[in-house]
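The values are calculated or read from the model by the stated rules, or taken from the named source; none is laboratory data. All figures in this text were calculated on a predicted structure; none of them were measured in a lab. Positions of Cβ are generated from backbone atoms using ideal geometry, with glycine treated the same way; all protein chains shown enter the neighbour counts.
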């Protein structure tokens, strides 16, 4: 099974503030929706609460120790348990938050990262990753426009075999 992290982060590795994204980038949202459609997504409880509902056309898994009753989601108490439930999947996407990314990073094999050219402050961060352990397989630059307040880039990273 391929374990893929997908996130948008800025120059300071900020991924969130007050349980929401610090920016509105429609092209990034479309990329996320298109990329994760028909796949399993795994997220923490706070990330799920920030979205507010299960995302359609996906298997939604939430990692939490709390009791939640929401139609359309599966609950697990650990990332290990969630991944074991997905063992037959070809690829699963880790969609946040910070603690889940940190735990999944050592076992991830791919990352889709949107790098936002901003220094917006936040309270939630993507974990540092050693760039020597990853190969940048793709990069696409998007310039700011009337719908996007910042320049940003879509970048795909593949973990090197020896790491």
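Among 68, 79, which is the only one that is surrounded by fewer than 21 Cβ atoms within 10 Å (Cβ to Cβ) and either out of contact with any helix residue (DSSP H, G or I) (no Cβ under 8 Å at 6 or more places or on another chain) or at pLDDT 95 or above (or both)? From the options 68, 79, the qualifying one is 79. The residues listed here are 81, 71; of these, the one that is part of a helix (DSSP H, G or I), over 18 Å from the mean Cα position of the chain (by Cα) and free of Cβ contacts under 8 Å to residues at least 60 places away in the same chain is 81. Quickly run through the stretch 1-58 and pick out the residues that are surrounded by fewer than 16 Cβ atoms within 10 Å (Cβ to Cβ), in contact with a helix residue (DSSP H, G or I) (Cβ under 8 Å, 6 or more places away or on another chain) and within 26 Å of residue 119 (Cβ to Cβ). Correct list: 19, 20.
Considering the stretch 91-144, and only residues there that are more than 17 Å from the chain's Cα centre (by Cα) and in a loop (DSSP other than H, G, I, E, B), the residue that is farthest from residue 30 (Cα to Cα) turns out to be 130.
Has the stretch 81-88 got at least one residue that is under 20 Å from residue 28 (Cβ atoms) and touching a strand residue (DSSP E or B) at 6+ places or on another chain (Cβ under 9 Å)? Checking the stretch 81-88: not a single residue is under 20 Å from residue 28 (Cβ atoms) and touching a strand residue (DSSP E or B) at 6+ places or on another chain (Cβ under 9 Å).
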